[in-house]
Amino acid sequence: MMGDPHLLQMVEEGLRNTVDKEFTAQMSESLSSRETSFLINEEPSFQKNEQSKDSIFFRDGVRQIDFVLSYVDDIKKETDIKAERRKEFEKNLKKTGLELEIEDKRDSEDGKTYFVKIHAPWEVLATYAEVLGIKMPIKESDIPQSKYTPFSYMFGPVKLSPTVKYSHPEYFTAQFSRHRQELFLIEDEATFFPSAARNRIVYYILSRCPFGIEEGKKKFGIERLLNSNTYSSAYPLHDGQYWKPSDNRLNERYTLYQNWARFSYFYKEQPLDLIKNYYGEKIGIYFVFLGFYTEMLFFAAVVGLACFIYGLLSMENNQSSIEICDPNIGGQIIMCPLCDEVCDYWRLNTTCLASKFSHLFDNESTVFFAIFMGIWVTLFLEFWKQRQARLEYEWDLVDFEEEQQQLQLRPEFEAMCKHKKMNPVTKEMEPFMPLYARIPWYFLSGATVTLWMALVISSMVAVIVYRLSVFATFASFMESEASLKQVKSIFTPQLATSLTGSCLNFMVILMLNFFYEKISAWITKMEIPRTHQEYESSLTLKMFLFQFVNFYSSCFYVAFFKGKFVGYPGKYTYLFNVWRSEECDPGGCLIELTAQLTIIMIGRQVFGNINEAIYPLVFNWWRRRRSRSNSEKLYSRWEQDHDLETFGSLGLFYEYLETVIQFGFVTLFVASFPLAPLLALINNLVEIRVDAWKLTTQYRRPVAAKAHSIGVWQDILFAMAVLSVATNAFIVAFTSDIIPRLVYFYAYSQNSNQPLSGYVNNSLSIFLIADFPNRTVPSEKRDFTTCRYRDYRNPPDHEYKYAHNMQFWHVLAAKMTFIIVMEHIVFLVKFLLAWMIPDVPKDVVERIKREKLMTVKILHDFELKKLKENLGLNPDEFAKHVMIEENKVNLAKSTI
């Protein structure tokens, strides 16, 4: 919990008003015992070159550097206003109690950069730990760690050493209070608060510290100073070098690199507690989620691989492929041309290999796997709720209310507001922006998102036009080239068009995505969201909607539209009255959906991992080269970190977005590609180590932040899970060939020994060549009078020729019935599993109750001890107060 909101409001006002005499006097009094040599104007008592290059302390070697600010003093570009802002800002930082030490530009590697090192003394840490509601240990926990199960020994090779996995003992904790310092386990004030808590506290002060009044408005916050280039950077320090341990102190960065960030450890579990302690809970919970998602993918990958192997083993015995490949069956079936005029008639057996490949993914196991994935996604989300609840207990986030942190006003909002109104809760005047000032930006934002989504649809239509226009070219070229006769049986014109179209579509996706990321961040900023939560929610909505349309629109087209509205020979439908609509292969569009999904999914994952690894590496190399240094071994700790890339406030946002988009590929279209979970599993094993490597070695240390869940992303995952049931049901029904085969098997087959014998011939309708319009028929005369096409229509000699026959309606009814039955079965199982699996495991509930009870008891004993001392052992008064305190404890027990 964030602590008393009234105390929070009071401290924020104190930071913004530098003439607050009481606040200044209080902090000045607490600092009066310190030596004046700590101030930045005093000369150091020893030579700088005697200090370790990897030191994270002030020149005295005692005070730890909690934060670093840097700026470049360029006389040509420097203005008096920036220097005045820095002077006022640093003066106000010292008034809050922070201690500063400046490194002159002459001592920097490039000879241009000043570094302002910041240290938070005990009094500041204690004050703001209470304001932020930071929990600290009061007693070592007596609750035993989870015992190993018999199956734990099977996973021994993937386990980390207990000293790494449990780097710190478990404690009972309570919100820190300056007035109860004796209650907490304070062995050394310098190390009591971990470095993540220290940099979080300092950043809280930096983000609210004023630096002057400009244009009649009070200006404050390090973010505004960074945006105006008054300071070039602001960051907490890493513990030390990642490739070797530090002397005489713990280097958690080195421990993380050795046990987490190396690719040789891809099979190992993650040191989650160590990640949380070093980077904070918000980054820690992302890696917990990514690791848990990867673990669950293992089970889906195994089942998907089994389905693929089944398709591989049964490929040669598939009755449809046998008939298509048979020269006496498929070789005698003449198919109608696939495009107008230039395309020729063709024999069905030319698609022999394509039909076999199609069977790999379009077989009986497709239905089973679609249902399995509907259940898997439910188990994944329900077990994630349990993992998240366990995490809240283990990381001491049970009483943490993220909203209080997220609902704090953004400094940018406060700076832009010209109006104020009274908060009905705190009864304080706070910045306010009327709705009429925001409406124009909301309209611009909505119009921009709509325009870009329309641009995505337009680009997809352009790719379709490309496929339609080049199909005839591919077909005529392959027909005329004798050297391609052998290849044609494998690399058909349909496949060539599909693959080139998918690659073109992928490049368009990446291009649109690159530009939209920049525009969406700018528009969200212009909306001037009031709180951090509003900002993240607005950006999440824009980015997810766009990327959903951008990445999935082509897959939706192939799955649900391609080949569904083509008409029939002599009466085809045309796009823009020019290009004939695309047809599916005789075996259906599933194999093309598989190819589309594979190219986009694999391409995105490979491109993403390469980009994440190469970009910071090249950027840091170039920055070090410009600074005339080639190795971290040559300059100070703060300069080493200064030359690293910035993770940024949206770094984690894009990591979540990447994972959620991959989750969509794994769930929405998995019926067409059972190997998708396996590819996602392999990618995530690499992704975890890439993210760990770049955070540990290539990025500055991010400011620690708290979070108790993955936030709005969990709602998005639930929505995609529900949608995936419908999409997979429709893919099996309308894209796969399963339902037509089942209808033929049970209703139309006349061969009891081989029920699917004759299915291929049954699924092809007959067209009279003489009925072709002149502009569509091939120019050369043929010695056959009919051709075949994929549909269920009446023959030319029927009273209602070319109208849909009764089998078409039987198949359609079966498809709709399958969709309804499958959705109801999966949703019923989903609801049953959600009801049976508790959100919080029973043992976690018991541990939480135990910890609350013990915390109340410890606080009770502490208060009694203080009371006994204050009352001077007066028996009557003491007995009376003991009774009151015991009643409080009993009430707490009954509540728990």
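General remarks:
- Residue count for segment 534-565 under the criterion of being surrounded by fewer than 17 Cβ atoms within 10 Å (Cβ to Cβ), under 21 Å from the mean Cα position of the chain (by Cα) and of a type outside the set (Gly, Ala, Ser): the result is 2.
- Residue pairs whose Cβ atoms lie under 9 Å apart, separated by 6 or more positions or on different chains, with the first residue in segment 426-455 and under 30 Å from Ile509 (Cβ atoms) and the second in a loop (DSSP other than H, G, I, E, B) and of a type in the set (A, V, I, L, M, F, W, C), are Trp441/Ile528.
- Residues located in segment 98-113, provided they are modelled with pLDDT under 85 and open to solvent by less than 20 Å² (accessible area, probe 1.4 Å): Ser108
- Some residue of segment 855-865 being open to solvent by 40 Å² or more (accessible area, probe 1.4 Å), more than 30 Å from His708 (Cβ to Cβ) and modelled with pLDDT under 85: yes
- Residue check, Phe361 in contact with a Ser or Thr (Cβ under 6 Å, 6 or more places away or on another chain) and either within 25 Å of Ala559 (Cα to Cα) or at pLDDT below 90 (or both): yes
- Any hit, segment 76-92, residues being open to solvent by 60 Å² or more (accessible area, probe 1.4 Å), of a type outside the set (Gly, Ala, Ser), touching a helix residue (DSSP H, G or I) at 6+ places or on another chain (Cβ under 9 Å) and modelled with pLDDT of 85 or more: no
- Summed over segment 627-669, residues that are open to solvent by less than 10 Å² (accessible area, probe 1.4 Å), in a helix (DSSP H, G or I) and modelled with pLDDT under 90 total 2.
- Tally of residues being closer than 27 Å to Phe745 by Cβ and either among the hydrophobic types (A, V, I, L, M, F, W, C) or touching a residue at least 60 places away in the same chain (Cβ under 8 Å) (or both) across segment 771-803: 9
- Segment 217-231 - residue that is closer than 14 Å to Ala83 by Cα and in a helix (DSSP H, G or I) and, of those, most open to solvent (accessible area, probe 1.4 Å): Leu226
- Yes/no for Met478 being touching a helix residue (DSSP H, G or I) at 6+ places or on another chain (Cβ under 6 Å), modelled with pLDDT under 75 and open to solvent by less than 80 Å² (accessible area, probe 1.4 Å): yes
- Some residue of segment 242-251 being touching a Phe, Trp or Tyr at 6+ places or on another chain (Cβ under 6 Å), within 25 Å of Leu681 (Cα to Cα) and open to solvent by 10 Å² or more (accessible area, probe 1.4 Å): no
- Boolean, Val844 is within 29 Å of the chain's Cα centre (by Cα) and surrounded by 15 or more Cβ atoms within 10 Å (Cβ to Cβ): yes
- The sole residue among Ser709, Ser757, Ser752, Ser724 that is part of a loop (DSSP other than H, G, I, E, B), polar (S, T, N, Q) and open to solvent by less than 30 Å² (accessible area, probe 1.4 Å) is Ser709.
- Among the conditions (1) aliphatic (A, V, I, L, M); (2) under 29 Å from Phe368 (Cβ atoms); (3) more than 29 Å from the chain's Cα centre (by Cα); (4) open to solvent by 60 Å² or more (accessible area, probe 1.4 Å), the only one that Met822 does not satisfy is (4).
- Selected residue (only one of Arg700, Arg741, Arg788 is over 30 Å from Pro327 (Cβ atoms) and among the basic types (Lys, Arg)): Arg700
- Residue list for segment 255-314, filter: farther than 30 Å from Lys356 by Cα, outside any helix (DSSP H, G or I) and open to solvent by less than 30 Å² (accessible area, probe 1.4 Å): Trp260, Ala261, Gln270, Pro271, Gly280
- Within segment 23-33, not a single residue is surrounded by 18 or more Cβ atoms within 10 Å (Cβ to Cβ) and at pLDDT 50 or above.
- Only listed residue being within 30 Å of Val367 (Cβ to Cβ), free of Cβ contacts under 8 Å to residues at least 60 places away in the same chain and open to solvent by 40 Å² or more (accessible area, probe 1.4 Å), chosen from Met816, Met806: Met806
- Selection status of Ser70, open to solvent by less than 40 Å² (accessible area, probe 1.4 Å), modelled with pLDDT under 90 and either more than 38 Å from the chain's Cα centre (by Cα) or within 17 Å of Ser232 (Cα to Cα) (or both): no
- Of the criteria (1) without any contact (Cβ under 8 Å) to a residue 24 or more places away in the chain; (2) open to solvent by less than 30 Å² (accessible area, probe 1.4 Å), which one Phe673 fails: (1)
- Boolean, Thr426 is open to solvent by 60 Å² or more (accessible area, probe 1.4 Å) and either at pLDDT 85 or above or not in a helix (DSSP H, G or I) (or both): no
The values are calculated or read from the model by the stated rules, or taken from the named source; none is laboratory data. Treat the numbers as computed from the prediction; the structure is a model and nothing was measured. FYI the Cβ positions are ideal-geometry reconstructions off the backbone, even for glycines, and counts take in every protein chain you see. Note: accessible area is taken over every heavy atom of the protein model, side chains too, but ligands, DNA and RNA are not part of it. Shrake-Rupley method; radii C 1.70, N 1.55, O 1.52, S 1.80 Å.
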